[in-house]
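> Sharing a structure below in structure tokens format, with a few things to ask.
The values are calculated or read from the model by the stated rules, or taken from the named source; none is laboratory data. Everything numeric in this text was worked out from a predicted model, so none of it was measured. Every residue, glycine among them, receives a Cβ derived from its backbone with ideal geometry; neighbour counts consider all protein chains shown.
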């Protein structure tokens, strides 16, 4: 009976540890648009926010646990059109301009010590490709198609999806996880005791 009770309690604790570990991760997906006339580069990047400096400058060599996903689609450029994934890029530059940016809102225009974050003032966001035809940063907040050889496109938007298209995902806070783990552990103990009584 003691072995069964210990096993049930251990399983409850293991389940709790498995649930709490993912809860500590904090991925943030930001959608961006670089545009100039008919040339656009539209995409998204998913940062593990616990691994980036905010405030601070992040010069991230890929692959890296700080960047969980990256995709860019270039269209309307003289050359270098297409969709490019994380493997097409060697480095991501994300500089908050000395300010702490609210990653749950549009980043462009947020206050920093050097002025509003964005092309007209402080900070930087750029991608550096492994080579053509993927786009490459050519100046702060400016992405050049075809490894920088063609259309230069300044950043015009960066932030989460607009409210109407975003999907809220319910999350469990740490106390709810503790209670859930305890309930699972107690259910396991009851189950083991009932099994022992029948045996």
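> Considering 120, 129, 88, which residue is farther than 21 Å from residue 50 by Cα, at pLDDT below 95 and in the same structural domain as residue 61 (by TED's automatic domain parsing)?
On the way: 129 fails: at pLDDT below 95; 88 fails: at pLDDT below 95.
Selected residue: 120, the only one of 120, 129, 88 that is farther than 21 Å from residue 50 by Cα, at pLDDT below 95 and in the same structural domain as residue 61 (by TED's automatic domain parsing).
> Taking the options 102, 146, name whichever one is more than 19 Å from the chain's Cα centre (by Cα), at pLDDT 95 or above and assigned to a loop (DSSP other than H, G, I, E, B).
146
> Have a look at 171, 165 and point out the one that is surrounded by fewer than 16 Cβ atoms within 10 Å (Cβ to Cβ), under 24 Å from residue 52 (Cα atoms), at pLDDT below 75 and under 21 Å from the mean Cα position of the chain (by Cα).
On the way: 165 fails: under 24 Å from residue 52 (Cα atoms).
One residue alone meets the criteria, 171.
> Select from the range 121-144 the residues that are over 20 Å from residue 69 (Cα atoms) and in contact with a strand residue (DSSP E or B) (Cβ under 6 Å, 6 or more places away or on another chain) and list them in ascending order.
121, 122, 123, 138, 140, 142, 144
> Next question. For the range 13-29, check the following and say yes or no: at least one residue is surrounded by 17 or more Cβ atoms within 10 Å (Cβ to Cβ), within 16 Å of the chain's Cα centre (by Cα) and at pLDDT 95 or above.
No.
> Kindly list, by first and then second residue, each pair from a residue in the range 123-147 that is on the phi < 0 side of the Ramachandran plot to a residue that is modelled with pLDDT under 95 and crowded, with 21+ Cβ neighbours inside 10 Å, limited to pairs with Cβ atoms under 6 Å and residues at least 6 apart or on different chains.
Matching pairs, first to second residue: none at all.
> Still on this structure, please answer the following. Taking strands (runs of 3 or more DSSP E) that do not extend beyond the range 51-92, which have at least 2 residues that are surrounded by 15 or more Cβ atoms within 10 Å (Cβ to Cβ) and under 16 Å from the mean Cα position of the chain (by Cα)?
Result: 57-61, 67-75.
> Hey, another quick one. Just give me the residues in the range 108-128 being closer than 21 Å to residue 74 by Cβ and under 19 Å from the mean Cα position of the chain (by Cα), in sequence order.
108, 124, 125, 126, 127, 128, listed by residue number.
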